[in-house]
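J.: Structure incoming, see below.
The values are calculated or read from the model by the stated rules, or taken from the named source; none is laboratory data. From a predicted model like this one, the values you see are computed outputs, not experimental measurements. Glycine gets a Cβ as well: all are built from the backbone with ideal geometry, and neighbour counts include every protein chain shown.
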Amino acid sequence: MTIASVIGCRHPSSSSLKVWQETLGNRTTEIDAIMAKVDAGAPPVEIPTVPSPPITIRDAESLKTARYRDLTLSETIRIALSNAEVLRDLNATVLRAPDQLATDETLPLVQLNPQTGIEAALSAYDAQVYALGKWQNNDRQFNNRFFGGGANAFQQDTHDYVLQLSKRTATGAQIAIRSITDYDSNNATGNETPSAWQTQWHAELRQPLLQGAGLTFNRIGGPAALPGVYNGVLIAKTNNDISVTEFRRDARNFVSNVINAYWDLAYAYRDADARAEALERARTTWRSYEAQKTSNRRGGAAEALAREQYYRFKSEYQDAVAGKLVGRTQVNNASSGGTFAGIGGVLATERRLRLLVGLPISDGELLRPIDEPITAPVIFDTESLSVEAIRMREELQQQRLQVQKREMELLAAKNFLLPSLDLVSIYRVRGLDSQLAGSGSALSELGDMDFQEYEAALEFKMPVGFRQAHAAVQHAKLQIARERSVLHEQERQILHDLLSTVAEADRAFALAETSLNRYLAAKDALDSLDANRQAGLPISLEQLLDAQRRLSESQTRYYLAVTEYMVAIKNVQFESGTLLQDARVMVAEL
């Protein structure tokens with residue numbers, strides 16, 4: 001069973017013509033259709049198929065003859081994961097806070113975020129192509145021949161063409177290769193030719209030597225970093241890893257809730273069976289005393305007491321079958337993995353399980369768990385579990401990534417304590433002639449490499465006091481201290497919760513053994529009373545009715561304790577961080 005998110009797959013985009021028509025052209029069909037829906041109050045595009053109404057059961061016979069779909073726990077988890085486009089919960093988060101839900105698109109959305117994702121960080125190092133073409137005509141008069149190039153009336157046609165390829169490097173340098181070509185035709189009397197082409201090739205390098213320099217800073221902060229604002233490749237990668245751990249946490253909570261709902265339903269069936277048996281015993285007792293009342297016209301009070309107990313058990317059975325919208329076992333209900341609630345009824349609990357695993361509310365069948373709960377003692381190695389919890393709990397993995405992220409930000413912040421010193425170097429080759437191409441042209445002169453130029457410069461800039469840089473460093477140190485304090489407290493909380501769930505498992509198992517002994521004792525007591533009554537020996541009605549109640553209560557309490565034990569074992573896996581592994585669920589980033 002696998003939760004897999006495919007990241008990084010690129011599909012061919014629409015043609016450039018279509019993009020132009022939809023964004024720059026005058027074709028407004030698509031946006032008009034969208035706005036029509038907005039103006040109409042955003043009506044549904046299509047009405048989903050309305051599911052069948054839920055199954056209604058009012059008596060034990062109907063529950064026995066209903067159609068069932070038997071499910072193991074592993075099969076239930078598999079169905080839930082196969083329908084897990086959205087990791088659901090039982091708190092209607094999809095309606096209250098839909099942005100908080102994890103979906104199949106959660107991880108791709110993080111990685112492909114155009115502002116903070118990995119692709120966005122890498123795009124800062126993409127090569128950039130720049131092109132310019134400019135044409136100009138000048139027709140002027142000058143009072144002084146000097147300003148007109150030897151003429152009072154100056155006429156000129158110029159062309160300028162620039163083509164540049166530039167790129168940033170991982171060390172912070174900017175490299176550019178540039179072609180500049182210009183054409184100038186004018187009537188200046190000092191010209192060698194009436195018109196001339198000049199072409200140049202530039203190779204330019206700007207390398208930071210202090211602030212903004214080096215692999216470490218640029219991989220953390222990125223080329224456009226500011227004090228406190230870092231979006232380099234390493235920061236983006238760490239954010240992506242944090243999102244993966246968050247998704248694993250949401251997947252773990254989802255699987256935990258599915259397991260909780262499974263055992264809730266398993267208990268609901270056992271509870272309903274116990275109450276059905278109690279109801280049948282009460283019915284038999286009532287009919288017996290009703291017959292005595294009819295035959296000898298005595299025992300009216302006894303018949304009424306037996307009848308009252310019958311209807312008491314009947315109401316309890318109806319609740320056990322139909323259920324109510326009450327509390328249920330779920331993540332973060334009294335404990336991180338959820339504390340077993342043990343209430344709800346068969347039909348209400350079955351609908352909740354259907355909601356979680358993505359099945360329709362009704363399909364003519366009732367889901368029925370068939371896995372038997374563990375009744376043997378499970379011995380936990382708390383030392384090994386504690387090590388596993390510290391190593392594998394998603395919350396701790398996420399917080400450790402936060403600490404590492406803050407440590408990287410501190411390294412980047414320290415770089416801003418340096419002044420800015422950049423080395424700028426430009427190398428140029430020129431060519432000039434009346435023709436652009438051909439023999440004896442500007443391009444051929446450029447190829448001869450006769451006219452070469454070189455330029456070098458140092459640019460220095462420094463804020464007096466470095467106030468913002470010092471604030472950024474102190475802020476980063478405080479962030480590290482905070483994240484480490486939170487990590488330490490999380491470790492304490494998780495170890496506390498882990499050992500508490502181990503103690504809860506021990507308590508639930510001991511209670512299950514005690515409840516079983518209580519159930520057997522109550523059954524023996526009722527069997528003895530029934531044997532005496534069938535033998536014709538006098539018995540106390542109150543004692544008989546009390547024995548029936550005790551048997552029903554002890555049977556239900558035994559099933560409750562056994563289910564609590566199963567949930568407690570699951571919670572140990574939850575707290576130790578091994579729940580997904582033990583459930584054979586893999587969260588894969590593809």
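J.: So in the stretch 212-251, with the set limited to residues that are touching a residue at least 60 places away in the same chain (Cβ under 8 Å) and of a type in the set (Val, Ile, Thr), which one is surrounded by the most Cβ atoms within 10 Å (Cβ to Cβ)?
T.: Only one residue fits best here, namely ILE220.
J.: Considering only the stretch 388-408, I want to know if a residue exists there that is more than 26 Å from ARG252 (Cα to Cα), assigned to a helix (DSSP H, G or I) and among the aliphatic types (A, V, I, L, M). Full working, then the answer.
T.: So in the stretch 388-408, the residues more than 26 Å from ARG252 (Cα to Cα) come out as 406-408.
So of that shortlist, the ones also assigned to a helix (DSSP H, G or I) come out as 406-408.
Subset that is among the aliphatic types (A, V, I, L, M): 408.
Checked against the condition, which is being more than 26 Å from ARG252 (Cα to Cα), assigned to a helix (DSSP H, G or I) and among the aliphatic types (A, V, I, L, M), the stretch 388-408 yields at least one hit.
J.: Sticking with this structure for a sec: For the stretch 99-107, does any single residue satisfy the condition of being β-branched (Val, Ile, Thr), within 30 Å of ASN253 (Cα to Cα) and touching a helix residue (DSSP H, G or I) at 6+ places or on another chain (Cβ under 7 Å)? Spell out the reasoning first.
T.: Restricting attention to the stretch 99-107, the residues satisfying the condition of being β-branched (Val, Ile, Thr) are 103, 106.
So of that shortlist, the ones also within 30 Å of ASN253 (Cα to Cα) come out as 103, 106.
Restricting the remaining residues to those that are touching a helix residue (DSSP H, G or I) at 6+ places or on another chain (Cβ under 7 Å) gives 106.
Scanning the stretch 99-107, I find at least one residue that is β-branched (Val, Ile, Thr), within 30 Å of ASN253 (Cα to Cα) and touching a helix residue (DSSP H, G or I) at 6+ places or on another chain (Cβ under 7 Å), so the answer is yes.
J.: For ARG354, state whether it is among the basic types (Lys, Arg), in contact with a Gly (Cβ under 9 Å, 6 or more places away or on another chain) and buried (at least 19 other Cβ atoms within 10 Å of the Cβ).
T.: When the stated conditions are applied, ARG354 does not pass them.
J.: Let me confirm something: among LEU498, LEU560, LEU545, which residue is within 35 Å of the chain's Cα centre (by Cα), outside any loop (DSSP other than H, G, I, E, B) and more than 23 Å from MET392 (Cβ to Cβ)? Break it down into steps so the answer makes sense when it comes.
T.: Values: LEU498 fails: more than 23 Å from MET392 (Cβ to Cβ); LEU545 fails: within 35 Å of the chain's Cα centre (by Cα).
After applying the criteria, what remains is LEU560.
J.: Please tell me if ALA522 is of a type in the set (A, V, I, L, M), more than 30 Å from ARG281 (Cα to Cα) and free of Cβ contacts under 8 Å to residues at least 40 places away in the same chain. Lay out the reasoning, then the answer.
T.: Numbers: of a type in the set (A, V, I, L, M): yes; more than 30 Å from ARG281 (Cα to Cα): no; free of Cβ contacts under 8 Å to residues at least 40 places away in the same chain: yes.
In short, no.
J.: Among the residues of the stretch 545-590, write down those that are of a type in the set (Gly, Ala, Ser) and closer than 15 Å to ARG507 by Cα.
T.: ALA561, ALA568
J.: Would you mind stating whether LEU265 is of a type outside the set (Val, Ile, Thr), modelled with pLDDT of 85 or more, within 24 Å of ILE539 (Cα to Cα) and in contact with a Leu (Cβ under 7 Å, 6 or more places away or on another chain)?
T.: Values: of a type outside the set (Val, Ile, Thr): yes; modelled with pLDDT of 85 or more: yes; within 24 Å of ILE539 (Cα to Cα): no; in contact with a Leu (Cβ under 7 Å, 6 or more places away or on another chain): yes.
No.
J.: If you check SER425, SER384, SER439, which single one turns out to be assigned to a helix (DSSP H, G or I) and out of contact with any helix residue (DSSP H, G or I) (no Cβ under 7 Å at 6 or more places or on another chain)? Can you show your working first?
T.: Values: SER425 fails: assigned to a helix (DSSP H, G or I); SER439 fails: assigned to a helix (DSSP H, G or I).
Answer to the check: SER384.
J.: Give the stretch 354-384 a look and list any residue that's of a type in the set (A, V, I, L, M, F, W, C) and closer than 29 Å to ARG88 by Cβ, or say none.
T.: Start the filter on the stretch 354-384 by keeping residues that are of a type in the set (A, V, I, L, M, F, W, C), which leaves 355-357, 359, 361, 366-367, 370, 374, 376, 378-380.
Of everything in the stretch 354-384, those that are of a type in the set (A, V, I, L, M, F, W, C) and closer than 29 Å to ARG88 by Cβ turn out to be LEU355, LEU356, VAL357, LEU359, ILE361, LEU366, LEU367, ILE370, ILE374.
J.: Please return the ranges of helices (runs of 4 or more DSSP H) entirely within the stretch 27-85 where 2 or more residues are at pLDDT below 80. I'd like the intermediate steps shown before the answer.
T.: On the way: elements: 29-39, 60-65, 73-82.
Result: 29-39, 60-65.
J.: With GLU575, GLU553 as the choices, which residue is among the charged types (D, E, K, R), in a helix (DSSP H, G or I) and in contact with an Asp or Glu (Cβ under 7 Å, 6 or more places away or on another chain)? Working first, answer last.
T.: On the way: GLU553 fails: in contact with an Asp or Glu (Cβ under 7 Å, 6 or more places away or on another chain).
The unique qualifying residue is GLU575.
J.: While we're here: Quick one: what pairs do we get from the stretch 442-460, first residue farther than 16 Å from LEU205 by Cα, second surrounded by 10 or more Cβ atoms within 10 Å (Cβ to Cβ) and of a type in the set (Phe, Trp, Tyr), C-beta under 8 Å, 6+ apart or different chains?
T.: ALA442/TRP197; GLU445/PHE451; LEU446/TRP201; GLN452/TYR427
J.: Let me ask another. Please state which one of VAL233, VAL229 is touching a Lys or Arg at 6+ places or on another chain (Cβ under 7 Å) and over 30 Å from GLY133 (Cβ atoms). Even if it seems obvious, please write down each step before you answer.
T.: Working: VAL229 fails: touching a Lys or Arg at 6+ places or on another chain (Cβ under 7 Å).
Going through VAL233, VAL229 in turn, just one is touching a Lys or Arg at 6+ places or on another chain (Cβ under 7 Å) and over 30 Å from GLY133 (Cβ atoms): VAL233.
J.: To continue, here is another question. Output the residues belonging to the stretch 444-496 that are of a type in the set (S, T, N, Q) and in contact with a helix residue (DSSP H, G or I) (Cβ under 7 Å, 6 or more places away or on another chain). Walk me through it before giving the result.
T.: Within the stretch 444-496, the first condition is being of a type in the set (S, T, N, Q), and the residues that meet it are 444, 452, 468, 474, 479, 485, 490, 493.
Passing the criteria: GLN479, GLN490.
J.: Within the stretch 450-471, how many residues turn out to be exposed (fewer than 11 other Cβ atoms within 10 Å of the Cβ) and in contact with a strand residue (DSSP E or B) (Cβ under 9 Å, 6 or more places away or on another chain)?
T.: Going through the stretch 450-471, the residues exposed (fewer than 11 other Cβ atoms within 10 Å of the Cβ) turn out to be 450, 452, 454, 456-458, 460-461, 464-465, 467.
Now drop any that are not in contact with a strand residue (DSSP E or B) (Cβ under 9 Å, 6 or more places away or on another chain), which leaves 450, 452, 454, 456-458, 460-461.
Result for the stretch 450-471: 8.
J.: Can you give me the number of residues within the stretch 518-534 that are farther than 25 Å from GLY300 by Cβ and out of contact with any Ser or Thr (no Cβ under 9 Å at 6 or more places or on another chain)? Spell out the reasoning first.
T.: Here is the first cut: in the stretch 518-534, the ones farther than 25 Å from GLY300 by Cβ are 518-525, 527-528, 531.
Okay, now just the ones that are also out of contact with any Ser or Thr (no Cβ under 9 Å at 6 or more places or on another chain), so 524-525, 527-528, 531.
Residues in the stretch 518-534 being farther than 25 Å from GLY300 by Cβ and out of contact with any Ser or Thr (no Cβ under 9 Å at 6 or more places or on another chain): 5 in total.
J.: Could I ask something else about it? How many of the residues in the stretch 240-277 are closer than 21 Å to ALA348 by Cβ and of a type in the set (S, T, N, Q)? Lay out the reasoning, then the answer.
T.: At the first step, the residues of the stretch 240-277 found to be closer than 21 Å to ALA348 by Cβ are 254, 256-276.
Subset that is of a type in the set (S, T, N, Q): 256-257, 260.
Matching residues across the stretch 240-277 total 3.
J.: Please enumerate the residues belonging to the stretch 369-380 that are over 16 Å from ASP582 (Cα atoms) and surrounded by fewer than 16 Cβ atoms within 10 Å (Cβ to Cβ).
T.: Of everything in the stretch 369-380, those that are over 16 Å from ASP582 (Cα atoms) and surrounded by fewer than 16 Cβ atoms within 10 Å (Cβ to Cβ) turn out to be ILE370, GLU372, THR375, ALA376, PRO377, ILE379.
J.: Which residues, taken from the stretch 348-381, are without any contact (Cβ under 8 Å) to a residue 60 or more places away in the chain and assigned to a loop (DSSP other than H, G, I, E, B)?
T.: GLU372, ALA376, ILE379, ASP381 - these are the residues of the stretch 348-381 that are without any contact (Cβ under 8 Å) to a residue 60 or more places away in the chain and assigned to a loop (DSSP other than H, G, I, E, B).
J.: Return the total of residues in the stretch 316-374 being aliphatic (A, V, I, L, M) and in contact with a Ser or Thr (Cβ under 7 Å, 6 or more places away or on another chain).
T.: Start the filter on the stretch 316-374 by keeping residues that are aliphatic (A, V, I, L, M), which leaves 320-322, 325-326, 331, 334, 341, 343, 346-348, 353, 355-357, 359, 361, 366-367, 370, 374.
Going one step further and asking which of them are in contact with a Ser or Thr (Cβ under 7 Å, 6 or more places away or on another chain), we end up with 331, 341, 357, 370.
Counting residues in the stretch 316-374 that are aliphatic (A, V, I, L, M) and in contact with a Ser or Thr (Cβ under 7 Å, 6 or more places away or on another chain) gives 4.
J.: Just to check your reading of the model, which residue among GLN479, GLN534, GLN474, GLN490 is within 48 Å of the chain's Cα centre (by Cα) and exposed (fewer than 13 other Cβ atoms within 10 Å of the Cβ)? Before you say what the answer is, go through the steps one by one.
T.: Working: GLN479 fails: exposed (fewer than 13 other Cβ atoms within 10 Å of the Cβ); GLN534 fails: within 48 Å of the chain's Cα centre (by Cα); GLN490 fails: exposed (fewer than 13 other Cβ atoms within 10 Å of the Cβ).
Answer to the check: GLN474.
J.: Follow-up. Return the pair list, or none, for Cβ contacts closer than 8 Å from residues in the stretch 571-590 that are under 13 Å from LEU81 (Cβ atoms) to residues that are in a loop (DSSP other than H, G, I, E, B), at least 6 apart or on different chains.
T.: Sorted first by the residue in the stretch 571-590, then by its partner, the pairs are ALA583/MET1; ARG584/MET1; VAL585/MET1; MET586/MET1.
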